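The values are calculated or read from the model by the stated rules, or taken from the named source; none is laboratory data. No experiment lies behind these values; they were computed from the predicted model shown. Here the Cβ positions follow ideal geometry from the backbone for every residue, glycine too, while neighbour counts run over all protein chains shown. Calculation scope for accessible area: heavy atoms of the full protein, side chains included, ligands and nucleic acids excluded. Shrake-Rupley method; radii C 1.70, N 1.55, O 1.52, S 1.80 Å.
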Protein chains: 2
Amino acid sequence: MHSPHDASKQNAIDMAAARAKTSINVSAVRDFLYNGAAQWQNRERVSKILASDPLFNKSQRPFLTRKELYIRGQALTNRLDELAETHKWTPEDIQLAFSVVSDEGLPVTLHNIAFEPVFHLQASPELLSQYGDLIAKRGILGCYLQTELGHGTNVGRLETTATYIPETREFEIHSPTLTSTKWWIGALGKTSTHGVVQAKLILPGGKDVGPHLFFVQLRDTETHQPLPGRVLGDIGPKAMAGLAAIDNGFARFTHVRIPKSHMLSKFAGVTDEGKYVTPPHAKLSYGGMLYIRSGMVTSAGWLGAKAATVAIRYATVRRQGTLDPASGLESQVITYPSLHARLLPILARAYVFIGLGRALSRSFDALARDLSSGNTSQLADMHVMTSGLKTLVTTSSIQDVETARRSMGGHGYSAFAGLGKLYADTVPSATYEGENYVLDQQVLRASLKTFTLIFGNPAASPADKAKLAAGLPGTSKYLRLLLDPSLRPPTASFTPVDDVVSISTTVISLLEWRAAGLVKEAAQTHKDGTPDATATQRVAKAVTEAFVSARVGEMIGELPVKLGRGTREAGVVGKVYVLYLLTTLESALVDLLSFRLYVTPKAEAESTADPVRGLRLAIGQLCKELLPEAIGLTDAFGYSDWDLDSSLGVYDGRVYEALWARAQDEPLNQTEVTEAYEASIKPMMLRGRRTAGASAKL
Amino acid sequence: MHSPHDASKQNAIDMAAARAKTSINVSAVRDFLYNGAAQWQNRERVSKILASDPLFNKSQRPFLTRKELYIRGQALTNRLDELAETHKWTPEDIQLAFSVVSDEGLPVTLHNIAFEPVFHLQASPELLSQYGDLIAKRGILGCYLQTELGHGTNVGRLETTATYIPETREFEIHSPTLTSTKWWIGALGKTSTHGVVQAKLILPGGKDVGPHLFFVQLRDTETHQPLPGRVLGDIGPKAMAGLAAIDNGFARFTHVRIPKSHMLSKFAGVTDEGKYVTPPHAKLSYGGMLYIRSGMVTSAGWLGAKAATVAIRYATVRRQGTLDPASGLESQVITYPSLHARLLPILARAYVFIGLGRALSRSFDALARDLSSGNTSQLADMHVMTSGLKTLVTTSSIQDVETARRSMGGHGYSAFAGLGKLYADTVPSATYEGENYVLDQQVLRASLKTFTLIFGNPAASPADKAKLAAGLPGTSKYLRLLLDPSLRPPTASFTPVDDVVSISTTVISLLEWRAAGLVKEAAQTHKDGTPDATATQRVAKAVTEAFVSARVGEMIGELPVKLGRGTREAGVVGKVYVLYLLTTLESALVDLLSFRLYVTPKAEAESTADPVRGLRLAIGQLCKELLPEAIGLTDAFGYSDWDLDSSLGVYDGRVYEALWARAQDEPLNQTEVTEAYEASIKPMMLRGRRTAGASAKL
């Protein structure tokens, strides 16, 4: 009898064949994604050191309790710190190392991205000179205490008080109610020695001047015991076992005194007598939040990159369903349109967000320079932009991780597939750093404000309006379309799909028309007091997608410089960007169709009952063209098997062997007969056999 | 100084006030949902016994390892069995008890819903008489072994073989490859003594006659050790810690012999000599799958009910943002349209799915009677219907649980909120019992077949077509709209929103027009060989939603009988059903707009640039009208705090106290100083203090 075909052996053949089919130079695209070969090599160097350290082995992670994961996380942090010393890592190397292990969700992350930046931005020079170095070297560990049991995004209503006592030149930090308990604070539960506390400042006489920041020691720096007046602890496990290694914590303060100098007073302060010193640039303090939000775009890109790599690799080696005539085997599932039309847009969003995040970081650096010289002119627009982007990228990357996981069918639900953990760890990003629905309101409000500025005065001349429009910030450029009543949206034509520049121009224009139409309508319904329930979300999305698509247009324009004019790589990445634009347009169809902004070419309109068919066929064709490049485009993200920690995303494609191997480590498999047998299973079966009676022959 | 307002005290006041506002008789609606007072009382009686048993306490569940959860699950199962004996529960009571503890995810569920029904439906009378009682009393425990490492939904390509050996009148069960390993089998890993194995039947001479079912003993009924030739184990943890208590397992068979009589041979068999006996009604064996799928509609309803109860209760007591002029407090978040417009549709889907599931069970019982008399005329339509419904209800209930969780902002991400676990446990339902994308293809195929039957013959007379249309099965009724070219969709008008019957008629008709339009277009593009990538999903959704909306129309018609003509309850539940219809219509807008099937009343079209504004305003108004009933409508689901296991969904509204209390049990809080301190945190900080140097005064 002949030996049966073993799909597990086919895995490696299929992966090698797919890799051989890629026409792009993978390392050229990888260097492009990493913004230069040097950056990639740095990551590679740091990453290899971590990956080869046994402590950073991830294989037993799914079997540990939360407490064990917390303890392991601290051991990893300490080891990373030791490695930094051993290998003389630069601060950039250390930052890189932390980003490489970001999937561990280490408590120290909160020290690095929340506590330290806020402290640096807002501490007085004296406080900075006293604690800056200690914080930078992690000689003390900190957290940022903002949200409370009773209040989150609405910072203005936080209840914790900081009452100034002129007699002793101290502040008294106090939690007056149960709901004023600080809650959800990352690294507070068991780790931090210090924290920056948001509390409303109460001046002598009882005047409340709103929330301000205070540097408060939490634990003894020798014994690690909470200092008097602090009740500290961990708030318990997170949904879906997310972020298990982080000790999100609570804190209650009972009349805790701190010296006056421990107020973070760079932008606001109190005189010795207790007079409030008005901050010269109150808005400067927003800088830290903008910094965190702009980093979220890049993170979302690399997160989507992981999901795309795993799911596309698995779909390449998984064979199921109809027979492929060429091989006589079942088809690789990635060849099904229902599958690749889900996965390739995820890949496209990853490429776009990585590029967009880089552009945004540059804008943020420029803003920071402006702010340090007291120039706040760009702050409002940057605020709107980061609010909209934060919502857009978190919403879509959360969904992309889950779409990728479900695309892997049954095996996608195994913890060893790796994407379930990514989802659980990422899903709170819809809420933290500004709840997405609340941020949408801010985008709406800013958009209406700009609209009213230009169109609110019926007596304004066209020339006046045009002048106002010329000065429109980046997030409002689409409003220019409403100035000339003779302007019309372009015809929605997307053939040939090869014409990257022409298609992208059309899509960007359509998305700008959509933003303009929605904002105009929203201005009217808000004036009438009759907005509908979803208007805010639709306007914010439209405005942000118009902005992003225009940036993508610029990124397409830069490709010849970055990847070489006329190269295969520039061509393929250009198509990836266009896929992003076309699928964004598809998701905007309700708006475009209902506002009658979507006009199909005449020939198309006559040949089909469905005017959006042309768009969908263009997406389908683009996906088919990109399909042979899919493995190359994901390899270019540069993730190792250790990075991905996924049995289904292994580089060599041998997914079945990987699943089998990992299952053997399951604790339930360490004894052949479970201890539940004698305790529960056997008694129940014996009872059943007894009642089933004599007929029950075994 | 006056005592500050404590939001945690306000919680109970807000909840009591909301409850007082409800105008409906909650127990009347509850009895309606439970299909009669007797059913509710039965649930209450069984549920109280379980809830008061300390073993069924859920408070420590979030802190247990998977292994501990498995062992606990078996102890619960044994205890439930003891309670059944003690309280002399009927089989219906026992079934009720299992449904009450469904959130525990017990392995025995697979015995109850997969192993036993398949065995009963397909075992020969002899095998049934030998094992039927034992199985019913759980004197042996079983599982259903279908999917393999290499194959899931595509049953036809399973690799496990069952070779008939005429000499000994035995079958030899064998796993020829790694990928033929049975994988994902619930309750196989550590629990089951027996199983029903899907294997392809090989006759003497090597002829493969495809997959059949075999009853195979797996473990010794005394020692629980695997029998020779079986390698058994657990496949490891699931994504997001889902279904942790279930031992999804693997099995490899090495030339395992079973007696010929252990083939499940009710519908197919082998003679002693090894000749295949063709089944008289091959399709009869689908019955079991249809049974499981029809149960999924009801489950989805009650799952949505849990999510709605928790999220609506929390939104009622959470106050945040703008000040409510009446109370001087911040507004209850449920009053924000962005929130209640997300939550009330979830409530509506729960009401609809509960009613729909009941109707479907009745249809299934009728089908089972038909099948047992050999009548398969309704089987094909029932197959399409359950395929479409399974995809529709799992997709939307998964999304609803997650939407409800995210609506609760930061606290929704706490494990104590309860909805994270529901999501993790439910999300595989998109894949099991038929992968949703594959089921969509079956709906599409069946829809095209019916379309072609009526419209495929250009020579057919209108009378012929009409005759064919008169016999259309329930899932294809919408095709009648295409028979008379003079028919036009109704005007999309939804005022006044009180006119439940008129609005529902309009929506149902529009959804049928959409199905007709999409199927007609799909028939054309499939003929041309140019379907787009998402056509299958859109057609399947359109066809299923047309069917469901028509059923909802019938449910609205039954309300006067079930809840009394002109009663407050019938009025409110009617509006809940209409909310379902309107939001379904909103989600169908792209199709309706692109096919030009959506025509707004003239006055509306002239007053706004946005023709779908009328629909959105109607949804908004309906939500506002239902808002005062929201707590009553969720109370009517009858869930206790023990059922919900959610700090945010507590009946009395005291959510902050509940969160605080549960956090105190967190294992990390059992020592003030973590053991990670001496091991890792301190060494790192000391290194940092050293390098920070002399300036580092603490």
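Shortest first and in nm with one decimal, please list how far the residue A:359 label point sits from its counterparts in the other copies (point 7 Å along Cα→Cβ).
For residue A:359, the other copies' label points sit at 5.0 nm, shortest first.
For label points placed 7 Å from Cα toward Cβ, what is the shortest-first list of nm distances from residue A:665 to its copies?
Here the equivalent label points are 3.0 nm apart from this one.
Within chain A, which whole H helices from DSSP have a Cα span along their axis of at least 18 Å and a mean Kyte-Doolittle hydropathy of 0.0 or more, if any?
Passing helices, by number: A:287-317, A:337-372, A:436-455, A:500-528, A:535-563, A:568-587, A:613-626.
Quick check on the protein assembly as shown: helices-only [θ] at 222 nm, where DSSP H runs of length 4 and up contribute -39,500 (n - 2.57) each and the sum goes over total residues. Nearest 500, please.
Computed mean residue ellipticity for the protein assembly as shown: -16500 deg cm²/dmol.
Considering only the label points, 7 Å along Cα→Cβ from Cα, what distances in nm to one decimal separate residue B:92 from the same position in each other copy, shortest first?
The answer, with the shortest distance listed first, is 7.5 nm.
With all protein chains present, how much of the accessible area of the protein assembly as shown (probe radius 1.4 Å) comes from carbon and sulfur, to the nearest whole percent?
On the way: 29130 of 51920 Å².
C and S fraction of accessible area: 56 percent.
Nothing charged except the Cβ atoms of Lys and Arg (+1) and of Asp and Glu (-1): what's the magnitude of the dipole of chain B about its Cα centre? Round to the nearest 20 debye. Write out the running numbers ahead of the final one.
On the way: 74 positive and 69 negative charges, 176 e Å.
I would put it at about 840 debye.
Measure out, as a whole number of angstrom, how far apart the alpha-carbon centroids of the range B:498-524 and the range A:589-617 sit.
20 Å
If Rh is defined by the Kirkwood formula over all Cα pairs and Rg also comes from Cα, what ratio Rg/Rh do you get for the range B:129-172?
So for the range B:129-172, dividing Rg by the Kirkwood Rh gives 1.11.
Please work out the average accessible area per residue across chain B, using the 1.4 Å probe convention, and give it in Å². Write down the numbers at each step before the final one.
Numbers: 25990 Å² over 698 residues.
Each residue of chain B exposes 37 Å² on average to a 1.4 Å probe.
Take the Cα gyration tensor of the protein assembly as shown, multiply each eigenvalue by 5, square-root it, and list the three semi-axes largest first, rounded to whole angstrom.
49, 39, 34
With charges set only on the Cβ (+1 for Lys and Arg, -1 for Asp and Glu), what does the dipole of the protein assembly as shown come to about its Cα centre, in debye to the nearest 20? Don't skip to the end; give the middle numbers.
Values: 148 positive and 138 negative charges, 195 e Å.
With only Lys, Arg, Asp and Glu charged at Cβ, the dipole is about 940 debye.
Quick one: which bits of the range A:532-555 get at least 20 Å² less accessible when the partner protein chains are in, versus the chain alone, with a 1.4 Å probe?
Residues meeting the cut-off: A:532, A:533, A:534, A:538.
Express in nm, to one decimal, how much length is gained between residue B:484 and residue B:362 on full extension, taking 0.36 nm for each residue of separation and deducting their alpha carbon distance.
On the way: separation 122, 0.36 × 122 = 43.92 nm, distance 3.33 nm.
Difference between extended and current length: 40.6 nm.
For the range A:411-455, state the average projected area of the convex hull of the C-alpha atoms over all orientations, rounded to one decimal in nm².
4.5 nm²
With unit charges on the beta carbons (Lys and Arg positive, Asp and Glu negative) and the dipole taken about the Cα centre of chain A, which residue among A:316, A:291, A:482 sits farthest to the positive side?
A:482
When the chain is fully extended, how far beyond the present Cα-Cα distance does residue A:88 get from residue A:155, taking 0.36 nm per residue of separation?
Net length gain for the segment: 20.0 nm.
Which residues' amide hydrogens lie under 5 Å from the amide hydrogen of residue B:263, considering only partners 5 or more residues apart or on another chain, with H built in the peptide plane?
Excluding prolines and chain starts, which carry no amide H, the hits are B:215.
Using DSSP to call loops (not H, G, I, E or B), can you name the trypsin sites (Lys or Arg not before Pro) in the range B:34-114 whose Cβ has at most 10 other Cβ atoms within 10 angstrom?
B:88
Do any residues of the range B:405-427 lose at least 10 Å² of accessible area when the full set of protein chains is present rather than just their chain alone, and if so which, with a 1.4 Å probe?
Buried on complex formation: B:405, B:406, B:409, B:410, B:411, B:413, B:414, B:415, B:416, B:420, B:423, B:427.
Nearest 5 percent is fine: what portion of the DSSP beta bridges confined to the range B:44-201 is antiparallel? Numbers along the way, then the final one.
Values: 6 of 12 bridges.
Percentage antiparallel, nearest 5: 50.
Please compute the average number of Cβ atoms from other chains found within 10 Å of each residue's Cβ in peptide B:151-157.
Average per residue, whole number: 4.
Are there residues in the range B:623-669 whose accessible area shrinks by at least 30 Å² when all protein chains are included rather than the chain by itself, and which are they (probe 1.4 Å, ligands and nucleic acids not counted)?
Hits at the 30 Å² cut-off: B:656, B:660, B:663, B:666, B:668, B:669.
Just give me a number: lysine pairs in the range B:144-285, eight or more positions apart or cross-chain, with C-alpha atoms less than 18 Å apart.
13
Summarise the partner chain shielding of A:222-228 as one whole number: the mean count of Cβ atoms from other chains within 10 Å of each residue's Cβ.
Taking all residues of A:222-228 together, the mean is 3.
Over the residues of chain A, compute the C-alpha Rg and express it relative to 2.2 N^0.38 Å.
Numbers: Rg = 28.4 Å, N = 698, 2.2 N^0.38 = 26.5 Å.
Cα-based Rg divided by the globular estimate yields 1.07.
Dipole size in debye (nearest 20) for the range B:614-698 around its Cα centre, Lys and Arg Cβ +1, Asp and Glu Cβ -1?
Here the range B:614-698 has a charge dipole of around 1020 debye.
Tally the DSSP beta bridges in chain B and give the antiparallel ones as a percent, rounded to 5.
Restricted to chain B, the bridges split so that about 80 percent are antiparallel.
Relative contact order for chain A using alpha-carbon pairs under 8 Å, separation at least 6, rounded to a whole percent? Mind showing how you got there, number by number?
Values: 1019 pairs, mean separation 109.9, N = 698.
That works out to 16 percent.
How big a patch of accessible area, both sides summed and in Å² to the nearest 100, lies buried between B and A at a 1.4 Å probe? Please report the intermediate quantities before stating the final value.
Numbers: alone 32740 and 32680 Å², together 51920 Å².
Heavy-atom accessible area buried at this interface is about 13500 Å².
Would you mind counting up the charge near residue A:470? Only other residues with Cβ under 12 Å from its Cβ, with Lys and Arg at +1 and Asp and Glu at -1.
Value of the local net charge: +3.
Whole percent per 5 Å bin, from 0 to the bin with the longest distance: what is P(r) over all C-alpha pairs of the range A:142-280?
All Cα pairs considered, the percentages come to 2, 11, 20, 23, 19, 13, 7, 3, 2, 0, 0.
Sort B:415-423, B:608-616 for me by packing, meaning the mean count of neighbouring Cβ atoms within 10 Å per residue, highest on top.
Answer by packing, highest mean first, reads B:415-423, B:608-616.
What is the distance in Å between the Cα centres of the range B:233-254 and the range B:1-80?
The distance from the Cα centre of the range B:233-254 to that of the range B:1-80 comes to 29 Å.
Could you work out how much longer the chain between residue B:561 and residue B:165 gets when fully extended? Use 0.36 nm per residue separation minus the Cα distance between them, nm to one decimal.
136.4 nm
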